[in-house]
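Remarks on the structure that follows.
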Amino acid sequence: MNPAVRAARVALSLLLPLAAAPAAAQLSVNDDRPAMVRAAVEGVISSVTPPSGPSAGPVFTVLEGLVAVDATGADVVKPGGQPGTAADLVVGARVAVVLAEGATAPPLAARTVFVFAQPPQALLAGTVDSVEVEARTFHLLGLTVHVTDRTAWGGPRTAPALDGIEDLKPGDPVTASVTNVDGKITAFRVLVLSPAPQPMERFRGVVEEIGTSSWKIALADGSVRQVTVNAETRIVGDPVVGDTVEVVGHADSAGGFLAQLIAKVPEAPPELTRIRGVVRSIDRTEWTIATESTGASTVVVKVDAGTRIVGDPRVGDTVEVLAVRDASGALLAKVIAKVDLGPPSDVVFTGVVKSILPGLWTIGDVRVMVTPMTRILGEPRVGDTVRCTGKRMPGTGMVAAALIEKLTGSAATL
């Protein structure tokens, strides 16, 4: 066996345990004999200082200049065990150095320097142009890249497993670590990258048309935008034509817009109008409410099957009304609730009729609620003196009349 090759193998057998051991590992033996460790250095040359004289050799460093080695008088062994020279000690070369005995101070004296073979390597990054599975090649950056059974494959964790060139597709973004094998660019590692996220766009509009593969959305500026939908488009809220929707998506490869999400925008809750007053009339489709204690202002509210009636209010009762505006602008009552004002008190008084309005009389200075249940005797008119029997309605300043009878010549008392 070539002595240089034998020496290289010996050196490697000494260096490999050092490379495999953790930096902080403790060397232990099971007897009292001292451990024998060959002094050595392994690494990539980061700088070379030429010889300082005819009999001196170059001084090179590894670990980016932190460890210096003096190659004066050292044997240099090239890959394959061929004898080398100081000219083979160049920046970037990977070397294993067996140090001379007693080399304890920098620069460390070398006895033998083994130069390892390093195949030229490069990294290509780009988008795959085409894939030729049978030829076991793909095109990247206009270059033909070969793969072998030893090519390692990888891809995004969330993507399907990438086991070989059969899984590679045109358009995939990749990085390929390559080397020169027999004059061919050959990949020893191919990584498929996650595609760059598309810039997302969001807009709001009214659904004008719904198709199987596209929707039309009318925007606030009057324009209409067509968006593409597919199996991955999320439709939220079951929007229909006429609904306002929020659309989120991005440009597609055809130059259109692909919707990722179309969500119906919930309608804003209607503004509630609150009314408090006395019921003047009750009809099947509407109620009339006197909104002031004087009864001078009335409001008509519509009622429908959705109106909630609380407390069985009747004409003359004070109620609280919650209403909204319908499409025509009219007030539609959502709730009509009777207000409990406490028990009314009985009252009898006489006075001159000052005014007669539908449902409301003024007798003296007292405002009197007149309902279909009120008995009226003698056909009193404005200016007549009457006696009123009824109940005082707390909190209203009014009297609900049970009986009004015409008199003559009496003054109002209460």
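Read-outs throughout are calculated quantities, based only on the coordinates presented, and are distinct from any laboratory measurement. Nothing here was measured: the structure is a model prediction, and the numbers come from that model. We place every Cβ from the backbone using ideal geometry, glycine too, and count neighbours over all the protein chains shown.
Below is a table of values for the structure above.
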{"quantity": "Amide H within-cut-off set for residue 111, under 5 Å, with H built and near neighbours excluded", "calculated": "98, 99, 100"}
{"quantity": "Gain in span if fully extended, residue 121 to residue 135, counting 0.36 nm per residue against the direct Cα distance", "calculated": "2.8 nm"}
{"quantity": "Amide H partners (placed H, <5 Å) of residue 243, local residues excluded", "calculated": "207"}
{"quantity": "The range 218-288: trypsin sites (Lys or Arg not before Pro) in DSSP coil with no more than 13 other Cβ atoms inside 10 Å", "calculated": "284"}
{"quantity": "Cα-projected label distance for residue 163 with residue 224, points at 7 Å along beta-carbon direction, nm", "calculated": "5.0"}
{"quantity": "Efficiency of FRET between residue 184 and residue 248 - r from beta-carbon atoms, R0 35 angstrom, step 0.05", "calculated": "0.15"}
{"quantity": "Trypsin sites (Lys or Arg not before Pro) restricted to the range 76-179 and DSSP loop, no more than 12 other C-beta within 10 Å", "calculated": "157"}
{"quantity": "Lys, Arg +1 and Asp, Glu -1 on Cβ, resulting dipole of the range 201-264 about Cα centre, debye, nearest 20", "calculated": "60"}
{"quantity": "Kirkwood hydrodynamic radius (C-alpha pairs) into Stokes-Einstein, the range 201-264, 10 °C and 1.306 mPa s, D in µm²/s", "calculated": "139"}
{"quantity": "FRET efficiency, residue 406 to residue 330 (Cβ-Cβ, R0 45 Å, nearest 0.05)", "calculated": "0.65"}
{"quantity": "Computed E for residue 314/residue 268 - FRET, C-beta separation, R0 41 angstrom, nearest 0.05", "calculated": "0.70"}
{"quantity": "Placed amide H near residue 384: partners under 5 Å, 5+ positions off or other chain", "calculated": "353"}
{"quantity": "In the range 89-164, GluC sites (Glu not before Pro) in a DSSP loop with at most 11 other beta-carbon atoms within 10 Å", "calculated": "101, 134"}
{"quantity": "For the range 77-206: rounded, prolate or oblate by the Cα gyration tensor [a/c cutoff 1.5]", "calculated": "prolate"}
{"quantity": "Alpha carbon convex hull of the range 159-255, volume per residue in cubic angstrom", "calculated": "144"}
